[in-house]
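Participant: Okay, here's the structure, questions in a sec.
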Amino acid sequence: MPDASYVGTALAPSAPYLVGREKIKEFALAIGEGASVCTDLEAARAAGHPDLVAPPTFSVTFTMPLIEGFLRDPAFGWDYSRMVHGDQSIVLHRPIHGGDELVTTIHVEDLSNRAGSHMLTLRCEVTDIDGAPVATTKSLLVTGS
Amino acid sequence: MSIETGPVEKGTELPPLELRVTRADLVRYAGASGDLNPIHWSDRVATGVGLPGVIAHGMLTMALAGRLVTQWAGDPSAVRSFGVRFTRPVVVPDDDEGALVELSGKVTDVADGIAKIAITARFDGKTVLGRAIAEVALG
């Protein structure tokens, strides 16, 4: 049974995640994103970017492991093995680039029970190391009770 | 960025995209994303939890839907927001053809230099994403 007292709280901010240029290339290849600004540094710089541009859903590569860490913590009481992803939104306050150092804070927004399933909404606020907003993501996760 | 289709207005349709997803694509995405859930690569585990077989990562389907938008916009950095609801799984058979995902999209609103796009993603004749909406800055 998930612990409802987490709702409305935020976890401690993550350690900074260094966005790797090769990780962006690897992710772009995995999703078949062919834009040169994601794979070719010269092209990215020619288009006015400081480094490679991450595809719009790239943030999952560093937010999901943090979410998994929280959900596998027995203290919260979530059945990770039966979880499905209900919905996902990503707001990019600016593009994510190679070389960015990003800090993620998970906010436990909502927990409800519908038709025997637990429905959990987590919001990730992603900032640079100076605290400037970079992305806000929201995940609805569902698991059996 | 380059919008290739002339003036963008409500009703503008994006060039459709048909993509095939194979087991090899799932393995590659698992590695790139760090999502190693075995329902995306093990038939034994997938059928054991009641699925018809190995299914694509929801976030991979979302990323593929994103390609419809980035291809049209010309630059992935133009995407300001993107949201989807995962309504049906994309079942990926263990063969060379994989699963066919058909993507289409239409501009539903243009305001303050931002186009709102409603995306339709179909697999096996049925939609697999609900409320799939992207906001893209126009150049």
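The values are calculated or read from the model by the stated rules, or taken from the named source; none is laboratory data. Note that the structure is a prediction, hence the values are computed from the model and not measured. Counting neighbours? That spans all protein chains shown, and the Cβs are built from the backbone with ideal geometry, glycine included.
Participant: Any idea how many residues of segment A:5-29 are surrounded by 18 or more Cβ atoms within 10 Å (Cβ to Cβ), small (Gly, Ala, Ser) and outside any loop (DSSP other than H, G, I, E, B)?
Facilitator: The number of residues fulfilling the criteria is 1.
Participant: A:Gly20 - would you say it is within 13 Å of chain B (Cβ to nearest Cβ), of a type outside the set (Val, Ile, Thr) and at positive phi?
Facilitator: Judged against the criteria, A:Gly20 is not a match.
Participant: Now for a different question. Taking the residues in segment B:93-139 that are of a type in the set (S, T, N, Q) and in contact with a Ser or Thr (Cβ under 8 Å, 6 or more places away or on another chain) as candidates, determine which candidate is farthest from A:Asp87 (Cα to Cα).
Facilitator: B:Ser104
Participant: Please specify each residue of segment B:13-39 satisfying the condition of being within 11 Å of chain A (Cβ to nearest Cβ) and touching a strand residue (DSSP E or B) at 6+ places or on another chain (Cβ under 8 Å).
Facilitator: B:Leu17, B:Leu19, B:Arg20, B:Val21, B:Ile39
Participant: Could you run through segment B:40-59 and say how many residues are farther than 13 Å from B:Ala24 by Cα and either touching a Pro at 6+ places or on another chain (Cβ under 9 Å) or within 14 Å of chain A (Cβ to nearest Cβ) (or both)?
Facilitator: Qualifying residue count for the region: 11.
Participant: To continue, here is another question. Right, B:Ala115: without any contact (Cβ under 8 Å) to a residue 12 or more places away in the chain, more than 10 Å from chain A (Cβ to nearest Cβ) and surrounded by 14 or more Cβ atoms within 10 Å (Cβ to Cβ) or not?
Facilitator: no
Participant: Here is a follow-up. Just a yes or no: is a residue in segment B:28-45 in contact (Cβ under 8 Å) with a residue 12 or more places away in the chain, under 14 Å from the mean Cα position of the chain (by Cα) and not in a loop (DSSP other than H, G, I, E, B)?
Facilitator: Looking for residues that are in contact (Cβ under 8 Å) with a residue 12 or more places away in the chain, under 14 Å from the mean Cα position of the chain (by Cα) and not in a loop (DSSP other than H, G, I, E, B), one finds at least one in segment B:28-45, hence yes.
Participant: Sticking with this one: Does B:Asp25 fit the bill of being surrounded by 14 or more Cβ atoms within 10 Å (Cβ to Cβ) and at pLDDT below 95?
Facilitator: Spelling it out, it is not the case that B:Asp25 is surrounded by 14 or more Cβ atoms within 10 Å (Cβ to Cβ) and at pLDDT below 95.
Participant: What number goes with the only condition from (1) touching an Asp or Glu at 6+ places or on another chain (Cβ under 9 Å); (2) within 24 Å of B:Gly11 (Cα to Cα); (3) surrounded by fewer than 17 Cβ atoms within 10 Å (Cβ to Cβ) that B:Thr108 does not pass?
Facilitator: The number of the failed condition is (1).
Participant: Just checking: which of the strands (runs of 3 or more DSSP E) contained wholly in segment A:31-141 hold 1 or more residues that are surrounded by 15 or more Cβ atoms within 10 Å (Cβ to Cβ), more than 9 Å from chain B (Cβ to nearest Cβ) and touching a Pro at 6+ places or on another chain (Cβ under 6 Å)?
Facilitator: Working: elements: A:84-92, A:101-114, A:117-128.
Where strands (runs of 3 or more DSSP E) fall fully within segment A:31-141 and carry at least 1 residues being surrounded by 15 or more Cβ atoms within 10 Å (Cβ to Cβ), more than 9 Å from chain B (Cβ to nearest Cβ) and touching a Pro at 6+ places or on another chain (Cβ under 6 Å), they are A:101-114, A:117-128.
Participant: Within segment B:60-100, can you find the residues that are within 12 Å of the chain's Cα centre (by Cα), within 11 Å of another protein chain (Cβ to nearest Cβ) and part of a strand (DSSP E or B)?
Facilitator: Within segment B:60-100, B:Phe82, B:Gly83, B:Val84, B:Arg85, B:Phe86 meet the criteria.
Participant: Residues in segment B:111-134 that are among the hydroxyl-bearing types (Ser, Thr, Tyr) and closer than 12 Å to B:Glu13 by Cα: how many?
Facilitator: Qualifying residue count for the region: 1.
Participant: Can you tell me which of B:Thr70, B:Thr127 is of a type in the set (Ser, Thr, Tyr) and surrounded by fewer than 17 Cβ atoms within 10 Å (Cβ to Cβ)?
Facilitator: Within the list B:Thr70, B:Thr127, the selection yields B:Thr127.
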